[in-house]
Amino acid sequence: MLASDVLVAQNVGFAIIAVIMVIGALRVVTTKNVVHAALWLVVVLAGAAAQYILLAAEFLAVTQVMVYIGAVMVLFLFGTMLTRAQIGAEKDLNNKNGIIGLPIAVLLLATMLIALNDGFKAEKLSADAPLVSTQQVSDQIFGIYLLPFWALSFVLLAAAIGAIVLARRD
Amino acid sequence: MLLNQFLMLGAVLFCIGVYGVIVRKNAVLVLMSIELILNSVNINLLAFSLRNGTPDGHTFALYVIAVAAAEVGVGLAMVLLMYRNRRSVGLDDLSEMKG
């Protein structure tokens, strides 16, 4: 593969964002401070939104920013503040024998990378492929995927009512 | 762009999330690791959507985002309830089911 094939703008952007995302994700699972973990999670989610734009999914990117960075992170910070007296570094965030997680994650990663390398070795995303428009997505949601959409509405309703019932002081 | 670079990024994020779920004891941090896993799945769905040129992946990714929002809402309500009843959010403290 020639250097001019690799160093196109999308690949450079992908590499920078991917490195930032992986560093942020590692900090989320290793940091000693719950609020810092939430803020590193913001970095990962924003990077995911940028990757969605690279994948020509601008509607999903905006949804990601609004739902995750806007709403879910506020929920996480509320949850953190409501469940602890002090905000700062803490000692017992990890399991005693949690080190078993490391070989499991590494083995899983090796399996997945080998399988991906076998399956899609050098398959390219062609630059002039037909892009998916937001109109097509909405046609699908309100067309053949209408029943799951209804089910999802009830899931959200049940989740909202359930959260209120659980967290209510009576 | 290669298809594989997005799939591999998704795999790396998924494994970091799995590591977090296993290694963390604090319930809020476990929920954050689950968010990492769901995001890696979304990257995979959108990569295959671009590869196939069909909008199915976009639709599924939207549904995944909605389910994740519902899950975080209920999950944090449960964490709050647990903190109120036992002044701790450590998942190891929930051991009544052990014989």
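In this structure, is residue B:93 facing chain A (nearest Cβ under 8 Å) and more than 17 Å from the chain's Cα centre (by Cα)?
no
Output the residues belonging to the range A:91-104 that are at pLDDT 85 or above and closer than 12 Å to residue A:30 by Cβ.
Those that are at pLDDT 85 or above and closer than 12 Å to residue A:30 by Cβ: A:101, A:102.
Does residue A:39 qualify as being surrounded by 15 or more Cβ atoms within 10 Å (Cβ to Cβ) and either outside any helix (DSSP H, G or I) or at the interface with another protein chain (Cβ under 8 Å from one of its Cβ atoms) (or both)? If you could, list the steps in order and put the result at the bottom.
Working: surrounded by 15 or more Cβ atoms within 10 Å (Cβ to Cβ): yes; either outside any helix (DSSP H, G or I) or at the interface with another protein chain (Cβ under 8 Å from one of its Cβ atoms) (or both): no.
In short, no.
Can you confirm whether the range A:69-86 contains a residue that is in a loop (DSSP other than H, G, I, E, B), over 12 Å from the mean Cα position of the chain (by Cα) and either at pLDDT 90 or above or more than 10 Å from every other protein chain (Cβ to nearest Cβ) (or both)?
yes
Restrict the check to the range A:104-119 and report whether at least one residue is in a loop (DSSP other than H, G, I, E, B), assigned by TED's automatic domain parsing to the domain that holds residue A:59 and not acidic (Asp, Glu).
no
Please enumerate the residues belonging to the range A:61-90 that are farther than 25 Å from residue B:6 by Cβ and in contact (Cβ under 8 Å) with a residue 24 or more places away in the chain.
Within the range A:61-90, A:76, A:77, A:80, A:84, A:87, A:88, A:89, A:90 qualify.
For residue B:35, are the conditions met, namely being out of contact with any Phe, Trp or Tyr (no Cβ under 6 Å at 6 or more places or on another chain) and surrounded by fewer than 17 Cβ atoms within 10 Å (Cβ to Cβ)?
Judged against the criteria, residue B:35 is not a match.
The values are calculated or read from the model by the stated rules, or taken from the named source; none is laboratory data. Keep in mind the model is a prediction, meaning the values are calculated, not measured. FYI the Cβ positions are ideal-geometry reconstructions off the backbone, even for glycines, and counts take in every protein chain you see.
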